Amino acid sequence: MERMQEAEGDLWQRFVETGCAAFIESLSDKSAQRIIFADGPSVLDPDVWHENAQGVSLIIHIFEQLEAEGFIDEDLPHQALARLVWGALLEAGVYISHATDTVGAQREMLQGLRYWLGKLLIKH
């Protein structure tokens, strides 16, 4: 979140190019992968791990701001979209943590997120 707030560019760029990219980059660390995808689910209740209320709430807040700034339509379901983005980030992490080419997997996942999230934009 800190990197996103300090980054250059508009809110959309800070969300996708900094926020999502920072999450994806953090998954190159094997100890982070172990904590998030092995230890986390085994220690925490699966619902708590999967929900990550803080992560989902942050994404909802970002979608609200994106709507207010005219980047996305006002009638989009923020809660559903936030959960979809959170799920996509978790799946990206699983994919990256099992990849033999971690850097290539990170690049693919970020490219996919950029494309997918870009479909929400009404303001370019």
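Derivation of every value follows stated rules applied to the coordinates shown; laboratory data play no part. Note that the coordinates shown come from a computational prediction; the quantities given were computed from them, not determined experimentally. Neighbour counts run over all protein chains shown; Cβ positions are idealised from the backbone, glycine included.
Data table
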item	result
Length added when fully stretched, ARG107-ASP75, from 0.36 nm per residue minus Cα-Cα	8.4 nm
Inter-site label distance for ILE122 and ALA68 at 7 Å from Cα along Cβ, in nm	1.7
GluC sites (Glu not before Pro) restricted to the range 1-35 and DSSP loop, no more than 10 other C-beta within 10 Å	GLU8
